Amino acid sequence: MSIDLATTPATAPADRTARPPLSPNALRRIVRDLAERPERWLHRVRLSAEERWYERLELAEDYEVWLISWLPGQSTGFHDHGGSRGAFTVALGELEELALAGPEHGLTVRRLPAGSERAFGPQYLHDVRNTAQGPAVTLHAYSPPLSEMSHYELRAGGLVQTSTEGPEQW
Ligand SMILES: [Fe+2]
């Protein structure tokens with residue numbers, strides 16, 4: 001399945017009784033505030049040679065917060081966030097983010113040194129990777145809490161969905 005980023009509709013809320021999702025900017029404030037308080041998460045960081053290491057720090061009705069560590073070479077591959085809004089900040093180290101600016105605009109590559117913040121809406125797809133020489137640590141917030149994520153491969157015609165995973169895989 002090819003994704004046309006210009007026309008893909010927003011994911012409808014599954015449960016109309018749930019609280020409305022937080023905005024990307026509100027999520028950005030959450031990760032920024034947490035990054036400024038390393039006593040709340042630094043002691044929980046682990047590094048794993050097998051894959052990115054991650055732990056959920058907080059789960060509320062309308063958002064969740066994750067801590068992720070990245071060794072050099074570790075990456076997510078292109079993925080979405082199942083319709084959740086999100087934000088993340090690089091607390092330690094440096095990462096690189098690849099994203100499609102739109103069907104007409106091709107691939108955008110951003111260096112994300114420590115202190116960088118990114119915030120995005122429900123349709124955002126990206127690939128985040130550690131291409132630096134040392135480990136990195138990031139803080140992420142999603143609203144509503146992630147319910148599923150799909151993975152994509154970048155091919156000549158655009159991004160092609162290859163798999164979907166749910167919380168049971170996390
Ligand atoms: Fe992501």
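Read-outs throughout are calculated quantities, based only on the coordinates presented, and are distinct from any laboratory measurement. If you're wondering where the values come from, they're calculated on a predicted model, not measured in any experiment. So basically every Cβ, Gly included, is an ideal-geometry build from the backbone, and we count neighbours across all protein chains shown.
Here is how the numbers come out for the structure above:
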item: Qualifying residues in region 141-157 (those that are of a type in the set (A, V, I, L, M, F, W, C) and assigned to a loop (DSSP other than H, G, I, E, B)) - the one nearest to the ligand (Cβ to nearest atom); result: LEU146
item: Which numbered condition GLU50 fails, given (1) crowded, with 20+ Cβ neighbours inside 10 Å; (2) closer than 21 Å to THR164 by Cα; (3) away from the ligand (no atom under 13 Å from the Cβ); result: (1)
item: Count of residues meeting criterion [within 12 Å of the ligand (Cβ to nearest atom), part of a strand (DSSP E or B) and surrounded by fewer than 22 Cβ atoms within 10 Å (Cβ to Cβ)] in region 113-124; result: 2
item: Residue pairs meeting the criteria (Cβ under 8 Å; at least 6 apart or on separate chains; first under 10 Å from ASP80 (Cα atoms), in region 117-131; second in a strand (DSSP E or B) and of a type in the set (S, T, N, Q)); result: ASP127/SER75
item: Residue list for region 125-140, filter: touching a Gly at 6+ places or on another chain (Cβ under 7 Å) and within 11 Å of the ligand (Cβ to nearest atom); result: ASP127, HIS140
item: Pick from region 73-100, criterion over 9 Å from the mean Cα position of the chain (by Cα) and of a type in the set (Asp, Glu), ranking: nearest to the ligand (Cβ to nearest atom); result: GLU97
